[in-house]
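Have a look at the structure that comes next, please.
The values are calculated or read from the model by the stated rules, or taken from the named source; none is laboratory data. What you see is a predicted model; the values in this text were computed from it and never measured. Using ideal geometry, Cβ is built from the backbone for each residue, glycine included, and neighbour counts are taken over all protein chains shown. Ligands, DNA and RNA are excluded from the accessible area calculation, which covers all protein heavy atoms including side chains. Shrake-Rupley method; radii C 1.70, N 1.55, O 1.52, S 1.80 Å.
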Amino acid sequence: MPIVVRIDVELARQKMSVGEFAERVGLTPANVAVLKNGRAKAVRFSTLEAMCRVLNCQPGDLLEFVEDEP
């Protein structure tokens with residue numbers, strides 16, 4: 001998949017647990033796991049905004065486009 005999710009990197013940088021992150025963003029830990037593991041098919045802008053606010057980062061810190069190898 002060409003979009004790589006880097007939530008785990010930002011959580012480690014902030015020294016924040018998934019449970020704390022989920023609570024502060026307003027998601028369940030299971031939904032954070034779906035996002036974190038790249039299994040989500042979509043992310044609402046309001047959710048992305050909340051994640052960026054909690055982690056004090058930019059959307060590009062959480063999501064990265066990586067070309068598929070031909």
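Which of the helices (runs of 4 or more DSSP H) found entirely inside the range 20-70 contain at least 2 residues meeting this: open to solvent by 70 Å² or more (accessible area, probe 1.4 Å)? Explain how you work it out, then say what you get.
Working: elements: 29-36, 45-55, 59-62.
The helices (runs of 4 or more DSSP H) meeting that bar are 29-36, 45-55.
From the list Val43, Val32, Val18, pick out the single residue that is of a type in the set (Val, Ile, Thr) and in contact (Cβ under 8 Å) with a residue 24 or more places away in the chain. Walk me through it before giving the result.
Working: Val43 fails: in contact (Cβ under 8 Å) with a residue 24 or more places away in the chain; Val18 fails: in contact (Cβ under 8 Å) with a residue 24 or more places away in the chain.
Testing whether each residue is of a type in the set (Val, Ile, Thr) and in contact (Cβ under 8 Å) with a residue 24 or more places away in the chain leaves just Val32.
Suppose we filter Met51, Met16 for residues that are modelled with pLDDT of 95 or more and in contact with a Cys (Cβ under 9 Å, 6 or more places away or on another chain); which single one remains?
Working: Met16 fails: in contact with a Cys (Cβ under 9 Å, 6 or more places away or on another chain).
Among Met51, Met16, only Met51 is modelled with pLDDT of 95 or more and in contact with a Cys (Cβ under 9 Å, 6 or more places away or on another chain).
Would it be correct to say that Val4 is surrounded by 15 or more Cβ atoms within 10 Å (Cβ to Cβ), among the β-branched types (Val, Ile, Thr) and either assigned to a loop (DSSP other than H, G, I, E, B) or in contact (Cβ under 8 Å) with a residue 60 or more places away in the chain (or both)? Before the answer, list the steps.
Working: surrounded by 15 or more Cβ atoms within 10 Å (Cβ to Cβ): no; among the β-branched types (Val, Ile, Thr): yes; either assigned to a loop (DSSP other than H, G, I, E, B) or in contact (Cβ under 8 Å) with a residue 60 or more places away in the chain (or both): yes.
So Val4 fails the test.
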